[in-house]
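Down below is the structure, laid out as structure tokens.
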Amino acid sequence: MNPLVTLTFLALVTTAPLEAKSKFDLQPIKVSSFGAASCEGYLYVYGGHSGKTHTYSTEDVIGKFYRVKLSGGAWEELPGGPIAQGLPLVAYKGKLIRVGGMQPRNKPGDKADNHSLTEVAMYDPATRKWTQLPPLPEGRSSHDAVLAGEQLVVVGGWNQRGSAGVTWHDTTLVLDLTNPAAKWQAIPQPFKRRALGAGYVDGKVVVVAGLGADGPSGRVEILDLKSGKWTEGPAFPGSARNGFSPAVCVTGGKLYASGMDGKLHCLVDGKWEQVGIQQIKRLVHRLVPGEAGTILVVGGNSREEDSRRVEEIRPTATAQSESR
């Protein structure tokens, strides 16, 4: 494990006790580096790392799949799949798509044997079944994915191949979900980073921060899918360490992100504005759109409180919304 990642985790500090009880039951399993999405009244969570930090084995990573109503209550276990962490979950027309991920193949106590997956699958809540979509050209994990209209867009990540080593990805992949015979199309990336976040807003894919070979970065890159051209966006606020594994979501036509410092930011008119703060500072968590303009903070690692608790944040008004 990169020592900078360890340093990032150790940088978490204690805050005041939680003030309000969540309307959600605690997540069934404490998990980080997982996939999450909201879809037709439910919050869905797939896979992730549930063992001791920085240990990887067939028992430390799970393939369980759960959902809970956005209105709150108890979690329901759904048909799962392969054990995997470092994967995104994307909602599409009432269904859920999981993309890639990292799968340990060693037993506990044995030397790590981590492999990035090519598998892409779609879950239909009506039939409670998974169906296969075109696999990724190469294994990919520690990446992110967004839905851009009818296109599934996958950014960043790397390909772990056990003893054969690691390759950092330098392409963004695009799949036309309307064409059953479609193949993945590659767009060159001006970066090689993993543990990043991404969102799709105003016709563009916004890639937020992440971890490169030289350490964490707050850089932001923006892809215009029509032209295939990248531009640089405003750097993610905070120290460089705050850029490791930020959580990103889009709701109400706005892009939100939070890092290890627990501050919720919104990208407005080319700059970041703080619009909220988490009660639990977390690492390798997810942001998911909730009910009535709220944002849910899900899972992750924390040294403060039980990160199985789902937080609900209502962002404060931004300069953009105040001017309307």
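Taken together, the values in this text are just the output of simple stated rules run on the coordinates, not laboratory data. The structure displayed is predicted, hence computed values, not measured ones. Because the Cβ atoms are built from the backbone with ideal geometry, glycine has one as well, and the counts that use them run over all protein chains shown.
A dipole drawn for the chain from +1 and -1 charges on Cβ atoms has a positive end, and of L255, N179, Y66 the residue lying farthest that way is Y66.
Which of L211, L78 has the fewest other C-beta atoms within 10 Å, and how do the rest follow up to the most?
If I rank by nearby Cβ atoms, fewest first, I get L78, L211.
Counting only Cβ charges, +1 for Lys and Arg and -1 for Asp and Glu, the dipole size of the chain around its Cα centre is about 300 debye. Determine the gain in length on full extension of the stretch L26-A74; use 0.36 nm per residue of separation and subtract their C-alpha separation, reporting nm with one decimal. Residue separation times 0.36 nm, minus the Cα-Cα distance, leaves 16.5 nm.
Distance distribution P(r), the chain, all Cα-Cα pairs, bin width 20 angstrom from 0: 35, 62, 4 percent.
In the stretch 24-316, a dipole from Cβ-located charges (positive for Lys and Arg, negative for Asp and Glu) runs towards its positive end, and of P246, G233, S163 it is S163 whose Cα lies farthest in that direction.
Our analysis of the stretch 10-165 gives Rg over Rh at 0.99, with the two radii drawn from alpha carbon positions and Rh computed by the Kirkwood formula. The ranking of S22, S142, S163 from fewest to most other beta carbons within 10 Å of each one's beta carbon is S163, S22, S142. Neighbour counting of Cβ atoms within 10 Å sorts the residues W168, W130, fewest neighbours leading, into W168, W130.
Using R0 = 35 Å, the C-beta based FRET efficiency linking D214 and T316 works out to 0.50.
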